[in-house]
1. With respect to residue 57, is the statement that it is crowded, with 18+ Cβ neighbours inside 10 Å, under 10 Å from the mean Cα position of the chain (by Cα) and within 21 Å of residue 16 (Cα to Cα) true?
2. Taking the stated definitions as given, is residue 29 at pLDDT below 95, over 23 Å from residue 6 (Cβ atoms) and outside any strand (DSSP E or B)?
């Protein structure tokens, strides 16, 4: 991951509605959640929530798949993992043992 991609993800998550929607999608992995259920949980109108969903999709946080007549939204776990590794990989100059447990856990999960 490069800085531009990390900034796009962090920017997308910096809005309360998008952060909560992404956390909701994480709780519903691996099945995902219908767009309508996300809209309902947000309390926003379909069109307003659509713009939030588009920001998350553009940042690479959310993937959409058609399932019958519904669009199912899923959190992109690989993008989240890449962001976390990007943030932690170069940390703790002179003291890699401080971040190494986090990096090891991230590389072994998901």
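1. Working: crowded, with 18+ Cβ neighbours inside 10 Å: no; under 10 Å from the mean Cα position of the chain (by Cα): yes; within 21 Å of residue 16 (Cα to Cα): yes.
It is false that residue 57 is crowded, with 18+ Cβ neighbours inside 10 Å, under 10 Å from the mean Cα position of the chain (by Cα) and within 21 Å of residue 16 (Cα to Cα).
2. Numbers: at pLDDT below 95: yes; over 23 Å from residue 6 (Cβ atoms): no; outside any strand (DSSP E or B): yes.
For residue 29, the condition - at pLDDT below 95, over 23 Å from residue 6 (Cβ atoms) and outside any strand (DSSP E or B) - is not met.
The values are calculated or read from the model by the stated rules, or taken from the named source; none is laboratory data. In this text, all values refer to a predicted model and were calculated from it rather than measured experimentally. Counting neighbours? That spans all protein chains shown, and the Cβs are built from the backbone with ideal geometry, glycine included.
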